[in-house]
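Here is the structure we will look at.
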Amino acid sequence: GMKAFKTTDGRPMLFRPDANLARLNESCVRMAMPEIPEELFMDALHSLVRLDQDWIPDTEDGSLYIRPFVFATDDFVGIKPSDTFKFVIFCCPVARYYAKPVRVYMQQEFIRAFPGGTGGVKAAGNYGATMMPLMHARKMGFDQMLWIDGVTHNRLQEIGTMNVFVQIDDTVITIPTTEGTILKGITRDSCLQLLRDNGFKVEERDVTIEELIDAHRSGRLHDAFGTGTAATVAPIGVIGYKDQEYTLPPVEDRKVSNWLKKELWSLRKGLRPDTYGWMQEI
């Protein structure tokens, strides 16, 4: 998914559509599907959003959510790579995804992704297996799962459909994507670049359950948040594990996530120079 925004002077803008295409094509290769030519993708995308630009909300947190997707259309029932496909884009106006800090739950029974699987790409099947654990989490009063890896049952992976960041001491940490289990989020990449270019100490490395809980108990866990197209930057309010809840500092006191959210919002609204070339006008 990606989004279109309206600047403060009413211009419709896309956020990093070239990166979205690259991720779509990487996913297609992994799923034995043909890659979408850039010209076809961009023509379709710009044509659709140009037609639907009046549906882009001009509210502070509003945007037009855009979902390009590809599916097989063979006239055949069986298990084999398909020969024919359909490429579709749909969109809908959306507001803020989470109205309050997210409550997430860690458990080691259900696993989202393994090395060698499809956890690092956008595939519909990745999400089907997460529905039942999510229902359990919500019955316990949580909003999302904070997924743990399936090899050690100890390392953080993702939050629901978002990448995860934590700030321990003065270092902002996010989980590496090299194992193929973590989605290469475009919002994640944007946040990493903004942080590094503005003097923040950043690391891409594994974080264990024990490290996270120890940092909380010792007062060194200053921030934790998810990043993704839908939520942009979603602060975590509470982390649950077994029968304990670990409450994080008040959102208004958090330097990193608040700064990132403001920077991305200012960029998308045209209130700060687009030095990265991320915004594309319709």
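The values are calculated or read from the model by the stated rules, or taken from the named source; none is laboratory data. Just so we're clear, the structure is a prediction, and the values are computed from it rather than from any experiment. Glycine gets a Cβ as well: all are built from the backbone with ideal geometry, and neighbour counts include every protein chain shown. These accessible areas exclude ligands, DNA and RNA; they are computed on the full protein's heavy atoms, side chains included. Shrake-Rupley method; radii C 1.70, N 1.55, O 1.52, S 1.80 Å.
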*Solvent-accessible area, 1.4 Å probe, carbon plus sulfur percent, for the chain*: 53
_If each residue of separation counts as 0.36 nm, what is the full-extension length gain between ALA95 and GLN244 once their alpha-carbon separation is subtracted?_
50.4 nm
_Cα-centred dipole magnitude for the chain, charges only on beta-carbon of K, R (+1) and D, E (-1), debye, nearest 20_ = 460
_R0 of 22 Å, Cβ-Cβ distance ALA22-ALA129: FRET efficiency to nearest 0.05_ = 0.30
*asked:* Which residues among the stretch 233-276 fall inside the zone where the amide N is under 15 Å from a point 7 Å beyond the Cα of THR7, along Cα→Cβ?
replied: 265-276
_Difference of contour (0.36 nm per residue) and Cα-Cα distance, ARG30 to SER266_ = 81.5 nm
_Mean separation of Cα contacts under 8 Å (6+ apart) over length of the stretch 153-282, as relative contact order %_ = 23
*Using only the Cα atoms of the stretch 49-190, build the gyration tensor, take square roots of its eigenvalues as a ≥ b ≥ c, and label the shape rounded, prolate or oblate: rounded if a/c is under 1.5, else prolate if a/b is larger than b/c, else oblate.*
oblate
*Using a ≥ b ≥ c from the Cα gyration tensor of the stretch 135-269 (square roots of the eigenvalues), is it rounded, prolate or oblate, where a/c under 1.5 gives rounded and otherwise the larger of a/b and b/c decides, a/b for prolate?*
rounded
*Over the heavy atoms of MET31, what accessible area does a 1.4 Å probe trace out, to the nearest 10 Å²?*
80
*Correct choice for Cα extents along the principal axes in Å that was computed from the model, options [x] 52, 41, 36; [y] 53, 52, 33; [z] 48, 38, 36*: [y]
*What does the accessible area per residue of the stretch 229-282 come to in Å², with a 1.4 Å probe and no ligands, DNA or RNA counted?*
50
*asked:* When a/c reaches 1.5 or more, the comparison of a/b and b/c decides; with that in mind, is the stretch 82-143 rounded, prolate or oblate per its Cα gyration tensor?
replied: oblate
*the stretch 138-195 to the stretch 1-78: how many Å between their Cα centroids?*
24
*asked:* Show me the ranking of peptides 39-52, 228-241, 185-198, 145-158 by mean Cβ neighbours inside 10 Å, starting with the highest.
replied: 228-241, 145-158, 185-198, 39-52
*Hey, can you find the accessible area per residue of the stretch 101-200 for me, probe 1.4 Å, expressed in square angstrom?*
40
